[in-house]
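Here's the structure, in structure tokens; my notes come after.
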Amino acid sequence: MRAPGPTAVDQTPELAIDGRLALAFTFITRTTEPGAVNLGALRSWFANQRPLVHRALIEPAESFFRDITSVRFETDVPLVVAVEPPGQRRTVELPLPETIWYAAEGDRVDLRRRPPTPRTLRFGYRDVVGLFESGRIVYVLTLNRDDDTALTEYDLIELEKLVHPSEQCAHLRNELLWHEPGQPPRTLDKLVQHRFGALRAASGREINAIRDVFGDAEVNLGPAPDFTWAHLKSMGVMIDDHPLYDRVQSALPREPAAADGAGARPTGAARSTPAPGPAENGRVCRAFAGVVQGVLDFGRQDEVELNDSLRPFQQSEGLMMLAHPRFLVELCYDSRSFAKMEGVIGCCPYLLLPHLILVHNEDVLEEAERTFALLQRGRADESRRYAPLGDVEEMVTRTDRWLFEPPTRVRRENLEQRIALFRSLVLGYVPNIFRYATERKTYEAVSDARGLSRRRETLLERFERYEKLVGDAWDLGSAAAGRRINRLIIVLTGLSFISAVADFRQVLTFEPLARAVSLSALALALLAIGVVGLLPSVVARRRRARRALARRRADPPRS
């Protein structure tokens, strides 16, 4: 029996985005030079040594960032650098295919545009680079509408598929080809790589960050990296459209009526009943849920799925924000900061900075999880089975094999991995640095929605328990080594005693004064040998007592 063929479905757009739009494709990697970045020194150096770069590429957005942060700005806030000054305007066109296919619930669906007329989206774009103390670089390429063509939910979801190619849509990464004026069509990753190459080779008349920041040997960041699909991690979607906001707001499911008759909707609260009104409300909700989730098969979502998808973590008059593991979506109207900074950084700075930090923190966590997994597995290899905590077990096993302390190789490798884990998980992770409730809640809610908070807490707890295991293995090895040294000293003491008896017989033949001096020296020597023999065990016992006391203080008994 032949497998059923694809199902043909016509696009039926429900949403029309006529207002301001920012689609922020977000890449992340590390600087090519090793080590952390001293943000305070870097900011000061640009302000004093490269004032033109500082005024053109750094200052315009920093005034907004300073307004919303509550920490030492120069040292604790990532350095965000515009790739080009505001006067430079870049455009790109994207012809859309007439038909795209995706797979959902075991079916292949051919999604056709009707009527089948050519459709091209035109964007202006801006891009920025965020530098973090951890040595990571976050690059954001932001597209803005450049003509009067309204985008539909299908247009947005096709672009979201470049970041999150679910529903077997990875083919869109090769099929969506971008056209810059005078350039051949390119995929998005090649577009970014070509842009970086052109900026590296640009003449000295115009300032740009790729040449004048990464290409400056005194900055010591190394050349700007070549970003690929593997570095594309997230996307920020900001829509400033009053009619669309009103339409979505009126279609969203309602809260159950409060006991006191008040109909206010608590931000982020669960919804239980669909909004009253025509069937249009259901279509609007499904279309907007498709944008929030980045799925083309949004028409099949039931009420439960809609309630889960359309749950703003932040909502006030003129603003709603929703989170997805790969997208941060904001629908608003009349955003002054967005209108002012669209030509500088491409989007609202109050959305950009939390978005950068959240993408960075997720990358930090992923590295920490890989490092901790390596600690649990031991040295990396290709075997499909492994002994968990093999390095700790090896420390324990070797305590019975060697005369003195176990060899230091296992401990040294283990310590190096623990230092790397601590550096990533504790020093690299950017805390909630925001002073206002909107940005603080964005940080907390998205961290929670993406599981960052839970993952970090779980990893810290496991790391603490692992540290206790390593400490116990260390104490065991030290105690065993101390016992062996004590036994060796006893043997040496016995040999010395035999030699002393022989010498004692000779001392008895000395004159009385010489005999007294020799006997006193011999007694002192025997006493010193005994003290040295007992010293390691006493020191080890005191060390174990101190560790036990520290653990009791760290974990007080529960009543």
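For the stretch 174-211, filtering for residues that are charged (D, E, K, R) and within 27 Å of the chain's Cα centre (by Cα) leaves 4. Please determine whether any residue of the stretch 427-446 is modelled with pLDDT under 90, assigned by TED's automatic domain parsing to the domain that holds Leu460, assigned to a helix (DSSP H, G or I) and over 22 Å from the mean Cα position of the chain (by Cα). No - not one qualifying residue is present in the stretch 427-446. All told, Leu188 falls short of being surrounded by 17 or more Cβ atoms within 10 Å (Cβ to Cβ), farther than 29 Å from Leu365 by Cβ and out of contact with any Pro (no Cβ under 7 Å at 6 or more places or on another chain). If you go through the stretch 72-82 and keep only what is among the aliphatic types (A, V, I, L, M) and under 12 Å from Glu133 (Cβ atoms), you end up with Val77, Leu79.
Would you mind stating whether Asp297 is at negative phi and assigned by TED's automatic domain parsing to the domain that holds Pro60? For Asp297, the condition - at negative phi and assigned by TED's automatic domain parsing to the domain that holds Pro60 - is met. Strands (runs of 3 or more DSSP E) fully within the stretch 306-369 that include at least 2 residues being crowded, with 22+ Cβ neighbours inside 10 Å: 319-323, 327-332. Close Cβ contacts (under 6 Å, 6 or more residues apart or on different chains) running from residues in the stretch 102-115 that are at positive phi to residues that are surrounded by 15 or more Cβ atoms within 10 Å (Cβ to Cβ) and modelled with pLDDT under 95 are absent.
The values are calculated or read from the model by the stated rules, or taken from the named source; none is laboratory data. Just so we're clear, the structure is a prediction, and the values are computed from it rather than from any experiment. Counting neighbours? That spans all protein chains shown, and the Cβs are built from the backbone with ideal geometry, glycine included.
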